[in-house]
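**Q** The following block contains the structure, expressed as structure tokens.
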Amino acid sequence: MQKINDFRALVKPLFDDFGYNLIPANDLELETFKATLIKYNIPVKVISELGNFYRVSNGIPCLDIDFHDCLSECIFDFWEEEKSLWLGQRDSDTLRWIDNKFCIGTSSEISYSKDYEFQSLYEMLDKVINEFKE
């Protein structure tokens with residue numbers, strides 16, 4: 001599982017490129033988010049990894065990708081329908097957690113292919129930040 005420093009090293013260059021500072025979620029935001037994830041029976045590993053990311057940055061605000069802040073209701077928009085967490089998007093690409101994997105796809109496709117399905121949030125963010133650069 002990726003640690004806080006791993007996430008910081010991954011996303012800080014993106015923030016630097018756009019002249020933004022990393023602003024982590026505060027303790028109350030993290031506790032509220034964790035409680036919601038527990039309510040939805042999200043696996044502990046996923047809760048921990050999302051928590052580690054949000055301890056570095058409370059989302060990514062439209063810096064080539066838009067990753068929702070931890071209290072965004074958008075994250076749970078598709079929970080009732082498909083049991084997925086909609087974590088963010090990049091142009092028409094959607095970033096989500098579904099079926100115990102992190103995926104890059106479209107609004108109608110869970111993932112583009114198996115190459116866009118990841119066991120960790122870090123792997124998915126690494127792909128979308130570093131390999132999708134225009």
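The values are calculated or read from the model by the stated rules, or taken from the named source; none is laboratory data. Fair warning: this is a prediction, and the values are worked out from it, not measured in the lab. We place every Cβ from the backbone using ideal geometry, glycine too, and count neighbours over all the protein chains shown. Quick note on the areas: whole protein, heavy atoms, side chains included, nothing else; ligands and nucleic acids left out. Shrake-Rupley method; radii C 1.70, N 1.55, O 1.52, S 1.80 Å.
**Q** Place a point 7 Å from Cα of residue 82 in the direction of its Cβ. Which residues in the range 44-67 have their backbone N less than 19 Å from it?
**A** 66-67
**Q** Another question, then. For residue 131 and residue 48, calculate 0.36 nm times their separation in residues minus their Cα-Cα distance, and state this gained length in nm to one decimal.
**A** 27.4 nm
**Q** Here is a further query. Report, in whole Å, the centroid distance computed from the Cα atoms of the range 2-20 and the range 21-60.
**A** Answer, in whole Å: 16.
**Q** Just order 69-77, 34-42, 119-127 by mean Cβ neighbour count inside 10 Å, highest at the front, would you?
**A** 119-127, 69-77, 34-42
**Q** How much of the accessible area of the range 27-134, in percent, comes from carbon and sulfur atoms when a 1.4 Å probe is used?
**A** Result for the range 27-134: 47 percent of the exposed heavy-atom area is carbon or sulfur.
**Q** Also: List, in the order given, every pair from 39/114; 45/114; 12/83; 39/127; 12/39 whose Cα-Cα distance in the structure shown is over 25 Å.
**A** 39/114; 12/83; 39/127; 12/39
**Q** What distance in nm lies between label points placed 7 Å from Cα along the C-beta direction at residue 73 and residue 4?
**A** According to this spin-label approximation, the distance is 3.1 nm.
**Q** Could you check the simple spin-label distance between residue 115 and residue 91, using points 7 Å along Cα→Cβ, in nm with one decimal?
**A** About 1.6 nm, to one decimal.
**Q** Counting residues in the range 11-131 as N, plug N into 2.2 N^0.38 Å and put the Cα Rg over that result.
**A** Dividing the Cα radius of gyration by 2.2 N^0.38 Å gives 0.99.
**Q** Can you tell me the accessible area per residue over the chain, all protein chains present, probe 1.4 angstrom, in square angstrom?
**A** Spelled out: the 1.4 Å probe surface of the chain, per residue, equals 54 Å².
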